[in-house]
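Visitor: Have a look at this one before I ask anything.
The values are calculated or read from the model by the stated rules, or taken from the named source; none is laboratory data. Keep in mind that this is a model prediction, so the values were computed, not measured. Because the Cβ atoms are built from the backbone with ideal geometry, glycine has one as well, and the counts that use them run over all protein chains shown.
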Amino acid sequence: MLNRKFIIPIFIMSLFFTGLFLIKSDDTMAAANLSWGSQGAEVVQLQTALNNRGYWCGTADGIFGANTYQGVIRFQKDASLDADGIVGPETRQALGLSSTTASIPSPGVSRSGSAAPRGKVITMVATAYDGCYECNKPYYGYPSYIGLPLARGIVAVDPKVIPMGAKIYVEGYGNAIAADQGGAIKGNRIDLFFDTHQQALKYGKKTVKVTIL
């Protein structure tokens, strides 16, 4: 009789804690999905993976917004996945994303002064442009040369110096894709896209180190 008095409460407690564990596991699995509005290091990892595969979604800023959503949709369609804009297990696996964020690279511009990624380094004269008519005539309203939409991280280069589609790192600007060309962009020249004309004017003209990744 004494043993039964102890066994029954222990059994009930074990069921209780098993239920808590299963609920926590379900929450963890649900939290693993990334969707519009998600933020943090895992989103940076997602954005970097998309950009590296040519599904440009802007600077890897850790915020899952419209550009990231469109990048996910395009990737899912090309990978014959359910194009719902939600990064679940199948999309993660197809992108080669890990379930942890311990080794996520830091995005964009190195604000801490740490070294830029290693690769072939070229000294170039950098100028800036934006999406306005003045900066893009006679191609105003068109996407970049290789078809990517104009956005921060899209840069114009001479394809004889840096091939179209190359992933690069620009000192003081961050990660970018050589996706555009320009009549005045010849030789060791690079034109960096900024969100506004004011930002482009403020940047001016500088000599920078460009790393081909």
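Visitor: Given the conditions (1) of a type in the set (D, E, K, R); (2) under 25 Å from ASP180 (Cβ atoms); (3) in contact with a helix residue (DSSP H, G or I) (Cβ under 7 Å, 6 or more places away or on another chain), and given that ASP82 satisfies all but one, which numbered condition is not satisfied?
Guide: (2)
Visitor: Which pairs have Cβ atoms under 9 Å, sit 6 or more apart or on different chains, and link a residue in segment 83-104 that is under 15 Å from ASN51 (Cα atoms) to one that is of a type in the set (Ser, Thr, Tyr) and modelled with pLDDT of 90 or more?
Guide: Qualifying pairs under 9 Å: LEU97/THR91.
Visitor: Could I ask something else about it? Which one of these is at pLDDT 80 or above, under 30 Å from MET164 (Cα atoms) and not small (Gly, Ala, Ser): ILE104, ILE73?
Guide: Details: ILE104 fails: at pLDDT 80 or above.
Selected residue: ILE73, the only one of ILE104, ILE73 that is at pLDDT 80 or above, under 30 Å from MET164 (Cα atoms) and not small (Gly, Ala, Ser).
Visitor: Separate question: Here are TRP56, TRP36: which of them is closer than 23 Å to ILE168 by Cα, of a type outside the set (D, E, K, R) and not in a helix (DSSP H, G or I)? So that I can check it myself, show each step before the final result.
Guide: Working: TRP36 fails: closer than 23 Å to ILE168 by Cα.
On inspection, the qualifying residue turns out to be TRP56.
Visitor: If you don't mind, another one. State all residues of segment 173-213 that are in contact with a Phe, Trp or Tyr (Cβ under 8 Å, 6 or more places away or on another chain) and of a type in the set (A, V, I, L, M, F, W, C); if no residue qualifies, say none.
Guide: ALA176, ILE177, ALA179, LEU192, PHE193, PHE194, ALA200, VAL208, VAL210, LEU213
Visitor: State which residue is modelled with the highest pLDDT when the search covers only segment 139-164 and only residues that are over 17 Å from THR127 (Cβ atoms) and aromatic (Phe, Trp, Tyr).
Guide: Only one residue tops the list, namely TYR142.
Visitor: Mind checking whether some residue in segment 129-152 is touching a Ser or Thr at 6+ places or on another chain (Cβ under 8 Å) and part of a strand (DSSP E or B)? Full working, then the answer.
Guide: Residues of segment 129-152 touching a Ser or Thr at 6+ places or on another chain (Cβ under 8 Å): 130, 150, 152.
Still in the running and part of a strand (DSSP E or B): none.
No, that holds for no residue.
Visitor: Let me ask another. Taking the stated definitions as given, is TYR173 aromatic (Phe, Trp, Tyr), within 24 Å of ASP61 (Cα to Cα) and in contact with a Leu (Cβ under 6 Å, 6 or more places away or on another chain)? I'd like the intermediate steps shown before the answer.
Guide: Details: aromatic (Phe, Trp, Tyr): yes; within 24 Å of ASP61 (Cα to Cα): yes; in contact with a Leu (Cβ under 6 Å, 6 or more places away or on another chain): yes.
Yes: the conditions hold for TYR173.
Visitor: Also, I was wondering about something else. Which residue pairs have Cβ atoms closer than 7 Å, lie 6 or more positions apart in sequence or on different chains, and pair a first residue in segment 192-213 that is farther than 27 Å from THR48 by Cβ and outside any loop (DSSP other than H, G, I, E, B) with a second residue that is at pLDDT 90 or above and among the aliphatic types (A, V, I, L, M)?
Guide: Hits for this filter: THR207/VAL125.
Visitor: Something else: Taking segment 165-187 on its own, how many of its residues are surrounded by fewer than 15 Cβ atoms within 10 Å (Cβ to Cβ), at negative phi and modelled with pLDDT of 90 or more?
Guide: Of all residues in segment 165-187, those surrounded by fewer than 15 Cβ atoms within 10 Å (Cβ to Cβ) come to 165, 172, 183-184, 186-187.
Okay, now just the ones that are also at negative phi, so 183-184, 186.
Subsequent filtering for residues that are modelled with pLDDT of 90 or more retains 186.
The total comes to 1.
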